[in-house]
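Encoded as structure tokens, the structure appears first; notes follow it.
The values are calculated or read from the model by the stated rules, or taken from the named source; none is laboratory data. As the structure is a prediction and not an experimental result, all values here were calculated from the model. Here Cβ is always computed from backbone atoms with ideal geometry, including for glycine, and neighbour counts include all displayed protein chains.
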Amino acid sequence: MTKVDVLLGLQWGDEGKGKVVDVLAPHYDAVARFQGGPNAGHTLVVDGKKCVLRSIPSGILRQGQMNIVGSGVVIDAVLLMEEVQQLERDGINVTSRLKIARKAHLILPTHRLLDAAGERLKGSQRIGTTGKGIGPAYTDKVRRTGLRVGDVEGDFLARYERARDGHMRLLQALGERPDLSQLEQPWLEAIDFMRRFELVDCENYVNGLLRGGKRLLAEGAQGSMLDVDYGSYPFVTSSTTVCAGACTGLGVAPSNIGEVYGIFKAYCTRVGAGPFPTELHDEVGSEMRRLGHEYGAVTGRERRCGWIDLVALRYAIQLSGVTKLIMMKSDVLDAMPTIKVCDAYRLPGGGTTSQMPYSIDNVTPIYTEVPGWLTDLTHATSEQDLPEAFVSYVSLLEERLDVPIAIVSVGPDREQTIVRKNRG
Ligand code: GDP
Ligand code: IMO
Ligand code: MG
């Protein structure tokens, strides 16, 4: 029996998971998404051509891999259909290479309306969700009123109408005037489109692959600091983004987890509201945004930028039992004369901590400053090409995080990836 390797984000999402899954995919027989939904935007760049995946695993651009949308995912049938059609227009065969879990939950058109209404009601306390209906779909799942992919095989329409009518009553009670006229028909057509894929009992399918000696990579969405239990609650998403989510989302036992790849940027970003201790409101932050093209892949929103936060990274590593680290977007810091590393927080009530406190509202980061490398990394192709100051930065992070950094990424393209010897 083989084990599932897991790759997940350690910050607030958008670490570069899509790029790295695409790079690692040839080492695997299958890639599976285990949580989240189309709130994700995973960007792959191949020969200068960009592709953004939202629900489909990032192994899809490779030829030999099976791709699985797992039970822990929530699916918007319209967005899935659009994603498939775009890929097929680009010559990628999706239909025979994508399996969908029967136990994955469906995002209904009314879930999107409820997401928007919930945000409006929260006013200044709004989360800044992606507006994709994620929270309401997961709410229905735990309320035990959700519709699942497997339901399309049965008396689907009646069940759908019951769920929809319940949502409509709720929206009206919230003072909304819900209008489904443009949304319902395309959604029902997209549900029909979904029938072309093989629906699987993901837990049986995945364990069957492992018993057959197949290698499987589980792809996380969002990031550990957006985890519903351990993230900066309530400014989080509604799923389990840490490694445990791969077990529940795919139906794999904890003892069958292999390597856990934790991925982070050489700095840090966050999109949407919520605390972000190392956020920069100055020109350095704007430079990071400009050089890193830090705008949401899904919503186009500006991402907030700041220095790397080792308190949060150590916490995320602990939560998921990360065995290997992957550092992304190193090149974005190429022109910074000085780089700051947050290793502890000063607490609002006095004192300091290097461990994640209950709340990170109003903590102040304590920084170590290190010299930048002032070298263009984007053309580096091997470890020999990496400047000394950059290697020192990597070594400092390895020492403070106590996990080897196996891969460094120096640009968005598949090729701009350096696997470090003795670490990989
Ligand atoms: P994901 O959600 O974790 O897959 O990440 P996103 O795709 O939302 O955001 C990462 C962005 O950074 C994308 O635009 C990638 O093309 C880009 N990217 C990934 N790795 C690198 C890198 O090493 N350097 C640079 N400059 N950009 C990168
Ligand atoms: P990937 O997989 C960055 C954020 C939203 C918001 C909060 C809740 O591309 O890294 P939701 O729509 O999930 O209810 O929004 O979570 N968020 C993300 N931020 N990357 C993502 O995905 C995100 N998915 C959700 O901005 O703050
Ligand atoms: Mg993203």
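Structure values in brief
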read-out	value
Filter result for R159 (basic (K, R), in a helix (DSSP H, G or I) and in contact with a helix residue (DSSP H, G or I) (Cβ under 7 Å, 6 or more places away or on another chain))	yes
Complete set of residues in the stretch 364-404 that are over 28 Å from the mean Cα position of the chain (by Cα), outside any loop (DSSP other than H, G, I, E, B) and not polar (S, T, N, Q)	E369, V370, P371, D385, E388, A389
Close pairs from the stretch 34-62: first over 13 Å from E219 (Cβ atoms) and among the hydrophobic types (A, V, I, L, M, F, W, C), partner more than 10 Å from ligand 2 (Cβ to nearest atom) and part of a loop (DSSP other than H, G, I, E, B), Cβ under 6 Å, at least 6 apart	V45/P412; V46/R414
All positions within the stretch 129-149 that are part of a helix (DSSP H, G or I) and either surrounded by 16 or more Cβ atoms within 10 Å (Cβ to Cβ) or β-branched (V, I, T) (or both)	I134, G135, P136, A137, Y138, T139, D140, K141, V142, V149
Residues (assigned to a loop (DSSP other than H, G, I, E, B) and not basic (K, R)) located in the stretch 57-75	P57, S58, G59, I60, L61, Q63, G64, Q65, G70, S71, G72
Where a residue in the stretch 141-163 is of a type in the set (G, A, S) and its partner, wherever it lies, is surrounded by 14 or more Cβ atoms within 10 Å (Cβ to Cβ) and at pLDDT 95 or above, with Cβ under 6 Å and at least six apart	G146/H105; G146/D140; G150/R102; A163/L147
Any chance L114 is more than 16 Å from ligand 3 (Cβ to nearest atom), under 26 Å from F156 (Cα atoms), more than 18 Å from the chain's Cα centre (by Cα) and assigned to a helix (DSSP H, G or I)	yes
Residues of the stretch 16-56 satisfying the condition of being in a loop (DSSP other than H, G, I, E, B), crowded, with 20+ Cβ neighbours inside 10 Å and more than 11 Å from ligand 1 (Cβ to nearest atom)	Y28, F34, Q35, G37, P38, S55, I56
Candidate set: the stretch 265-297, residues that are touching a strand residue (DSSP E or B) at 6+ places or on another chain (Cβ under 6 Å) and basic (K, R); chosen: the one farthest from ligand 2 (Cβ to nearest atom)	R289
Yes/no for V21 being touching a His at 6+ places or on another chain (Cβ under 9 Å) and not basic (K, R)	yes
Some residue of the stretch 243-259 being under 25 Å from Y393 (Cβ atoms) and at pLDDT 95 or above	yes
Some residue of the stretch 64-78 being buried (at least 24 other Cβ atoms within 10 Å of the Cβ) and in contact with a His (Cβ under 6 Å, 6 or more places away or on another chain)	yes
Some residue of the stretch 4-27 being over 23 Å from V408 (Cβ atoms), at pLDDT 95 or above and among the charged types (D, E, K, R)	no
Unmet criterion (only one of (1) exposed (fewer than 13 other Cβ atoms within 10 Å of the Cβ); (2) touching a residue at least 12 places away in the same chain (Cβ under 8 Å); (3) part of a helix (DSSP H, G or I)) for K421	(3)
Within the stretch 298-338, considering residues that are more than 18 Å from L10 (Cβ to Cβ) and hydrophobic (A, V, I, L, M, F, W, C), the one nearest to ligand 2 (Cβ to nearest atom)	V298
Residues of the stretch 208-249 that turn out to be over 16 Å from the mean Cα position of the chain (by Cα) and either aliphatic (A, V, I, L, M) or part of a strand (DSSP E or B) (or both), as a count	3
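Residue by residue, here is whether (1) in contact with a helix residue (DSSP H, G or I) (Cβ under 7 Å, 6 or more places away or on another chain); (2) at pLDDT below 95; (3) within 16 Å of ligand 2 (Cβ to nearest atom) holds:
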| position | (1), (2), (3) |
| --- | --- |
| L53 | yes, no, yes |
| Q63 | no, yes, no |
| L79 | no, no, yes |
| E88 | no, no, no |
| R97 | no, no, no |
| L108 | yes, no, yes |
| H111 | yes, no, yes |
| A117 | yes, no, yes |
| R120 | no, no, yes |
